[in-house]
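Novice: Right, I'll just put the structure down here and ask away after.
The values are calculated or read from the model by the stated rules, or taken from the named source; none is laboratory data. What you see is a predicted model, and the numbers here were worked out from it, not measured in a lab. Heads up, the Cβs are rebuilt from the backbone with ideal geometry, glycines too, and the neighbour counts pull from every protein chain shown. Side chains included, ligands, DNA and RNA excluded: accessible areas come from the protein's heavy atoms. Shrake-Rupley method; radii C 1.70, N 1.55, O 1.52, S 1.80 Å.
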Amino acid sequence: MIYSNKWALVTGASAGIGAVFADALAARGANLVLTARRKDRLEALAADLRTKHNVKVKTIAADLADTDAPPEIARVLAADGIDVDILISNAGFGLPGFYTENEWPAHRDFLQLMVTSYAHLTRLFLPGMIARDYGRIIHVSSVAGLVPGSAGHTMYGPAKAFLVSFAQSLAAECEGAGVNASALCPGFTYSEFHDVNDTRGLVSQLPGYMFMSPEPVVEGALEAVEKGHVVYVPGLWNKFTVWLMKALPRPWGAAMVKQQSAKFRRQSGE
Ligand SMILES: NC(=O)c1ccc[n+]([C@@H]2O[C@H](COP(=O)([O-])OP(=O)(O)OC[C@H]3O[C@@H](n4cnc5c(N)ncnc54)[C@H](OP(=O)(O)O)[C@@H]3O)[C@@H](O)[C@H]2O)c1
């Protein structure tokens, strides 16, 4: 119960990896603040986790593509006297298509959610962590943040690469302050992610060994942040992919990613 009496804020807790983080943190004794847009999902999960783990759970419905959402979450928590000790920034989705196939508002909202909300929530809660000499921050990035950019899903890789570099900077700044910052870089993980972005038919053609369940992804991430590992890639296949892309000359890696993404586009009819 290493997180007894700590409060953990989990974004994107209504499904997938975020819901599993909520369960794993509660199993370690943490009280939870769960946020996402779907309030009914959050309430159902909160009721389940209160019963299962005997922890306090608060839910806040918020759209993190809205610039006002992070300060509003901080305001509500301050009013309730809740200090966030553990921040799991996880909310996200994928935006298929080439860059010019999506209008600017779609890209703007994507960046607000996938980059700016992560940075803003960290800015809001990190000072308290440093003052209390304790904090854990996990930014849910992706293998896509560690390999060359793909054609299609144009901003996904860059957004995830930002989170890797951001975690590295935070870890360097927080050394000795009791705060561990980490970027979790999963590969294909079973969740609602590919249903939401309508690529389920496409990715279900991939071999099963390329996929992980969210439970080992989350368990590994929590172990990694405790050990002070700044970049954590779960799973052998994902580790191999990242290693290969680093080992190959950069143009070869870029050509491989381009070829794979072109193949997927042909298969999906995009
Ligand atoms: N699944 C994969 O293969 C995979 C691989 C690498 C990285 N990731 C990353 O893992 C993270 C979690 O994804 P997942 O796989 O668990 O997907 P998921 O099952 O679709 O869950 C996504 C979560 O994000 C929330 N969310 C989406 N848009 C939001 C918004 N505008 N405001 C607030 N919350 C929002 C969703 O809740 P509401 O809809 O209720 O708002 C949901 O709780 C993402 O950052 C994703 O990029 C996933």
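Novice: Just need a number here: residues in region 117-161 that are in a helix (DSSP H, G or I), open to solvent by 40 Å² or more (accessible area, probe 1.4 Å) and away from the ligand (no atom under 16 Å from the Cβ).
Specialist: 5
Novice: While we're here: Do we find a residue being away from the ligand (no atom under 11 Å from the Cβ), more than 19 Å from ILE86 (Cβ to Cβ), open to solvent by 30 Å² or more (accessible area, probe 1.4 Å) and of a type in the set (Gly, Ala, Ser) anywhere in region 223-232?
Specialist: No, region 223-232 contains no residue that is away from the ligand (no atom under 11 Å from the Cβ), more than 19 Å from ILE86 (Cβ to Cβ), open to solvent by 30 Å² or more (accessible area, probe 1.4 Å) and of a type in the set (Gly, Ala, Ser).
Novice: Tell me whether region 39-53 contains one or more residues that are modelled with pLDDT of 95 or more, touching an Asp or Glu at 6+ places or on another chain (Cβ under 8 Å) and small (Gly, Ala, Ser).
Specialist: no
Novice: Given the conditions (1) surrounded by fewer than 14 Cβ atoms within 10 Å (Cβ to Cβ); (2) at pLDDT 95 or above; (3) not acidic (Asp, Glu), which single one is not true for VAL164?
Specialist: (1)
Novice: Can you pull out every residue in region 1-18 that is in contact (Cβ under 8 Å) with a residue 40 or more places away in the chain, under 26 Å from MET212 (Cβ atoms) and either among the acidic types (Asp, Glu) or open to solvent by 10 Å² or more (accessible area, probe 1.4 Å) (or both)?
Specialist: Once the filter is applied, which keeps residues that are in contact (Cβ under 8 Å) with a residue 40 or more places away in the chain, under 26 Å from MET212 (Cβ atoms) and either among the acidic types (Asp, Glu) or open to solvent by 10 Å² or more (accessible area, probe 1.4 Å) (or both), region 1-18 yields ILE2, GLY12, ALA15, GLY16, ILE17.
Novice: Something else now. When the residues of region 203-222 are filtered to those that are over 21 Å from GLY12 (Cβ atoms), assigned to a helix (DSSP H, G or I) and in contact with a Phe, Trp or Tyr (Cβ under 9 Å, 6 or more places away or on another chain), which remaining residue is most open to solvent (accessible area, probe 1.4 Å)?
Specialist: Taking the candidates together, the pick is TYR209.
Novice: Applying the selection to region 27-54, what residues are open to solvent by 70 Å² or more (accessible area, probe 1.4 Å) and out of contact with any strand residue (DSSP E or B) (no Cβ under 8 Å at 6 or more places or on another chain)?
Specialist: Correct list: ASP40, ARG41, ASP48, THR51, LYS52, ASN54.
Novice: Shifting gears a bit: If you take the residues in region 59-109 that are assigned to a strand (DSSP E or B) and within 16 Å of the ligand (Cβ to nearest atom), which one is surrounded by the most Cβ atoms within 10 Å (Cβ to Cβ)? I'd like the intermediate steps shown before the answer.
Specialist: Looking only at region 59-109, we keep the residues that are assigned to a strand (DSSP E or B), and these are 59-61, 86-89.
Cutting the leftovers down to within 16 Å of the ligand (Cβ to nearest atom) gives us 59-61, 87-89.
Values: THR59: 21, ILE60: 18, ALA61: 16, LEU87: 26, ILE88: 30, SER89: 28.
That would be ILE88.
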